[in-house]
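My questions will all concern the structure given below.
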Amino acid sequence: MQKVRVLIVDDSALVRKVLSTMLGSDPGIEVVGTAADPLIARDKIKQLNPDVLTLDVEMPRMDGLTFLENLMRLRPMPVVMVSTLTERGADVTLRALELGAVDFFTKPAADLANTFMEHAPEICAKVRLAAGAKPRERSAVTKLDVAPRLSADAVLPRAQSAGTRGGTRIIAIGASTGGTEAIRVVLEAMPPTAPPIVITQHIPAAFSGPFAARMDACSAMRVCEARDGQPIQAGHAYIAPGSQHLLVMWDGARHVCRLHDGPPVNRHKPAVDVLFRSMAASVGAATIGCLLTGMGDDGARGLGELKEVGAPTLVQDEASSVVWGMPGAAWKAGAAGEMLPLDAIAARLLALAHTPVSVAARVGT
């Protein structure tokens, strides 16, 4: 198997050393070089032709965002950002994803070497995956220990029956790698009177609040980070906090957001399968389920559960996905009734929202 060739760009010699050691220990990755700033990186990209770039944000001579914007305009390639776990770091990282970065991982503020090594499986996986992604400008094998993979049963048992309560359409969206930009595209196209939308995006806790604020600024809908017990209303979108599962429950009079501090599901918290399962039980056929770009298969089983209760289901197509893992898994499993390019998804969600439940259920099966 051909190794993924990586160039590390960071002004910290320690970070370059730690990342080189960590990535180089993966049998599927080869670190072909390092650069202390973007101008050096520019020359090394020409010389070494790497498959993936890891890119710091704050560097001398040129900041990471400016370099990324130029890179995506002149020579698009997969980039994984390095960012600190701060509010500013979160905001800058989200901007980098808007500019075309494939993914990101967080740079610890202290005990860098040990903390990075603790997350070696995750970081190496992000770099390997990035090599197969489709970046676009905006317009001896070491066995790594991994956490056990739990299903949605660990948080919410599957309901034996489902009913449509309240008569209100609710759109449920799941996404991961590339999802912050895909979600932006969908929300920007929604009118202020759109049906309520609940969203689970795989994202760290420090990033979900700033992400919700960015989406609120670009959408006619009101977008917020979900709070426990918050009523679900038309014209509003609710994004799962990065540290808790988001569920939708019926409280006897209305649908509300519920946050659950259970274990990771499919190694994610929040997990899309948890959201979709809760929707199947509490919203039933009035749900509209949508799975966007992302690595892995989280959400595929839950989308299938939504389809089984009569809800229309759709996924993003491969050509417009940064990574066609989650939507691809759902499509191959027969969990999705439709597959559409990203630019067509918002219009289709709105059309389904104005279709009677019984008719939409037939369309989505």
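Once label points are set 7 Å from the Cα along Cα→Cβ at both LYS332 and GLN47, what is their separation, rounded to one decimal in nm?
If labels sit at LYS332 and GLN47, their model points lie 4.0 nm apart.
State to the nearest 20 debye the size of the charge dipole of the chain about its Cα centre, where the only charges are +1 on K and R beta carbons and -1 on D and E beta carbons.
On the way: 37 positive and 37 negative charges, 116 e Å.
Using Cβ point charges on Lys, Arg, Asp and Glu, the chain gives about 560 debye.
Nearest 5 is fine: what % of DSSP beta bridges in the chain come out antiparallel, could you say? Please report the intermediate quantities before stating the final value.
Values: 8 of 50 bridges.
Counting DSSP beta bridges with both partners in the chain, the antiparallel share is about 15 percent.
Please pull out the direction-averaged projected area of the chain, using the convex hull of its alpha-carbon atoms, in nm² to one decimal place.
Working: hull surface 69.2 nm².
About 17.3 nm², averaged over all directions.
On to the next question. Projecting each Cα onto the charge dipole of the chain (Lys/Arg +1, Asp/Glu -1 at the beta carbon, about the Cα centre), which of THR66, THR355, LEU156 comes out farthest on the positive side?
So the residue furthest toward the plus end is THR355.
Could you tell me which of VAL4, GLY325, PRO108 has its Cα farthest along the dipole of the chain towards the positive end, charges placed at Cβ (Lys, Arg +1; Asp, Glu -1), taken about the Cα centre?
GLY325
Once you have all Cα-Cα distances for region 213-356, histogram them in 5 Å bins from zero and send the whole-percent values.
Final binned percentages: 2, 10, 17, 22, 25, 17, 6, 1, 0.
Could you please state, rounded to a whole Å, how far the C-alpha centre of region 9-45 is from the C-alpha centre of region 282-318?
Result: 39 Å between the Cα centres.
Per-residue HN-Hα couplings for region 203-219, Karplus 6.51 cos²θ - 1.76 cosθ + 1.60 at θ = phi - 60°, whole Hz, x for Gly and Pro?
7, x, 4, 5, 9, 5, x, x, 5, 4, 5, 5, 5, 4, 6, 9, 10
Which value at 222 nm does the chain reach when only helices count, each DSSP H run of 4 or more adding -39,500 (n - 2.57), with the total divided by all residues and rounded to the nearest 500 deg cm²/dmol?
Details: 13 runs with 136 residues, N = 365.
Calculated mean residue ellipticity at 222 nm is -11000 deg cm²/dmol.
If I take R0 = 51 Å and measure r between the Cβ atoms of LEU14 and ALA253 in this structure, what FRET efficiency does the formula 1/(1 + (r/R0)^6) give, to the nearest 0.05?
On the way: r = 56 Å, r/R0 = 1.10.
The calculated FRET efficiency here is 0.35.
Starting from the 7 Å offset along Cα-to-Cβ, what nm value, one decimal, do you get for the label separation of SER25 and LYS3?
1.6 nm
For GLY262, what residues show an amide H to amide H distance below 5 Å, using hydrogens built from the backbone and excluding near sequence neighbours?
HIS245
Still on this structure, I have one more. How high is the FRET efficiency between GLU118 and ARG75 when r is their beta carbon distance and R₀ equals 30 Å, given to the nearest 0.05? Before the final figure, lay out the partial values.
Numbers: r = 33 Å, r/R0 = 1.11.
According to the calculation, E is roughly 0.35.
Highest mean first, what order results for 344-351, 267-274, 300-307 on Cβ atoms within 10 Å? Mind dumping the intermediate values first?
Numbers: 344-351: 17.8, 267-274: 27.6, 300-307: 26.0.
Packing proxy ranking, top to bottom: 267-274, 300-307, 344-351.
On to the next question. Restricting to lysines 8 or more places apart or on different chains, can you count the pairs in the chain with Cα atoms under 18 Å from each other?
Here the count comes out as 10.
Since every read-out is calculated from the coordinates, none of them should be taken as a lab result. These numbers come from a predicted model, not from an experiment. When we count neighbours, we look across all protein chains shown, and the Cβ atoms used for this are built from the backbone with ideal geometry, even at glycine.
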